[in-house]
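Heads up, the thing below is written out as structure tokens.
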Amino acid sequence: MRSHIIATIFSKEIKEVLRDKRMLYLIILLPFFLYPVLFTLIGGVGASQQEKLMQQEIAVWVSPNATDTPLPALLAQDPSLKVEMKTFSETDLEGQKRTIGIQLPDDYQERIANGKSAEIILYADQSQDVLNMRERILRTQLTSMGDQLLNERLASKELSPEFANPLTIDSVDLSPEESGDRMMVAFLPMMILLFIFIGCIYIAIDITAGEKERRTLQTLFTTTASTKEIVAGKFLAVAAVGIVSATMNILSLVVAMNIQAYLLEEEAAGMAMNLAPAAWAWLVILVLLTTLFLGALSLAVVLLANSYKEAQSYVSPLMMVVLIPAMMAIMPGVELNMQTALIPVFNVALAIVAILKGSFDTSILAVVAVASFVYGILALYLASLSFGNENIITGEKVNWKALLGK
């Protein structure tokens, strides 16, 4: 193959991508700004809504026998709670909006005085967001009130609070320091694969089915360029856009997640990328090999379409080929081993998860890399068969037996 011919075709396709402002915005510019804006908006609205929920007035019905307990004083600390001492039943609360019931047993005072336990029942329609949040807050406050009563009982017996809590349990995270955040580990593999696919599929549609519809693809075959050179030039253009799209989307996503964590004042939950140089190297290798496979597969499949509209109908099935293995890779108990390392797409998703966790076996990653390279070559070969079939290029009926039998 002649490198200057391949470079010319590659340059032509890249120039067309850069001229197409719609594709440029969709694949490169829009994602870079969309995610930070979207996550900032979500984080800001979430924080604002939480504050509004806390300020909403809530009616709290409390059974009358709680009058001489610390409960009324505890509830009075929150001015948004409108406390009403009344006798009620569960049915009385049905249909009531923004109302929570707190019911104490009739013998509450007697049980507390005799050193026994007393059951306090909270009634709330937890399908209402405001009541669900307030119920959790009240439960925490009542638990604190119970702890205070326990400490008073222990003090009356001249016992230390530690007497009632003989064991204190603590845990130490032994995961490698050079590992990613749990949220990042869960979502980033799927995002990487999805963004690579999105970057590849739309340019693949434009330079295959789009050119067939515009009658420019057939003209390209009348030149001195061979089929392999045409495939190579177009494939390199698809791969280049796929890598750029994945990079821009991932950077944008990481920035957006950190913005949201900052807005929620949970900076520790940011998407830290504490990866070792070797892990970064493997991540880059796998992204490149995945782009090779998905780019070639996209070219081979969408070339079968005779119009841009028809090619778009192939996007959803192809996306499932990416999303389903990626989602399965983050399921509990699913691990990368010599068997799963041979399953296309699924192996790369598992490998990325292992890399982000910081616990990976280089020998298995090598198997994943080799398998991905082989699948990429097979997909590229399938693309070359499609480009070499005159019926596919001209939009006529395809003899699949003759095509696959080559």
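The values are calculated or read from the model by the stated rules, or taken from the named source; none is laboratory data. Just so you know, these numbers come straight off a predicted model, no measurement behind them. Note: ideal-geometry Cβ built from the backbone for every residue, glycine included; neighbour counts use all protein chains shown. For accessibility, only protein heavy atoms count, side chains too; no ligands or nucleic acids. Shrake-Rupley method; radii C 1.70, N 1.55, O 1.52, S 1.80 Å.
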query = Which of the residues spanning the range 356-373 are in contact (Cβ under 8 Å) with a residue 40 or more places away in the chain and in a helix (DSSP H, G or I)?
reply = 356, 357, 362, 365, 368, 369, 372, 373
ask   = Is it the case that the range 42-52 has a residue that's loosely packed, with under 12 Cβ neighbours inside 10 Å, among the acidic types (Asp, Glu), touching a residue at least 40 places away in the same chain (Cβ under 8 Å) and out of contact with any strand residue (DSSP E or B) (no Cβ under 9 Å at 6 or more places or on another chain)?
value = no
query = Would a scan of the range 80-99 turn up a residue that is basic (Lys, Arg) and farther than 23 Å from residue 52 by Cβ?
reply = yes
inquiry  = Return the residues of the range 326-349 that are in contact (Cβ under 8 Å) with a residue 60 or more places away in the chain and farther than 16 Å from residue 200 by Cα; say none if nothing qualifies.
reply    = 326, 327, 329, 330, 348, 349
key: Inter-residue pairs, beta-carbon under 8 Å, first closer than 13 Å to residue 294 by Cβ and in the range 374-388, second open to solvent by less than 40 Å² (accessible area, probe 1.4 Å) and outside any helix (DSSP H, G or I), 6+ apart   = 383/303
key: Subset of the range 46-72 [outside any loop (DSSP other than H, G, I, E, B), modelled with pLDDT of 85 or more and not small (Gly, Ala, Ser)]   = 58, 60, 61, 62, 64, 65, 71, 72
request  = Collect the residues in the range 213-259 that are of a type in the set (Val, Ile, Thr), more than 12 Å from residue 6 (Cα to Cα) and outside any helix (DSSP H, G or I), keeping them in residue-number order.
outcome  = 216, 222, 223
query = Do we find a residue being in a helix (DSSP H, G or I), surrounded by 21 or more Cβ atoms within 10 Å (Cβ to Cβ) and acidic (Asp, Glu) anywhere in the range 198-208?
reply = yes
request  = Exactly one condition in (1) under 15 Å from residue 125 (Cα atoms); (2) polar (S, T, N, Q); (3) surrounded by 14 or more Cβ atoms within 10 Å (Cβ to Cβ) is not met by residue 91; state its number.
outcome  = (3)
inquiry  = Would you confirm, using the coordinates I've provided, whether residue 313 is open to solvent by 10 Å² or more (accessible area, probe 1.4 Å) and either of a type outside the set (D, E, K, R) or farther than 27 Å from residue 389 by Cα (or both)?
reply    = yes
query = Where residues in the range 115-156 are assigned to a loop (DSSP other than H, G, I, E, B) and touching an Asp or Glu at 6+ places or on another chain (Cβ under 9 Å), which of them is modelled with the lowest pLDDT?
reply = 126
query = Which of the residues spanning the range 80-94 are in contact with a Pro (Cβ under 8 Å, 6 or more places away or on another chain) and either under 22 Å from residue 137 (Cβ atoms) or not in a loop (DSSP other than H, G, I, E, B) (or both)?
reply = 83, 85, 86
ask   = Condition test on residue 360, is it at pLDDT 85 or above, more than 21 Å from residue 217 (Cα to Cα) and of a type in the set (Phe, Trp, Tyr)?
value = no
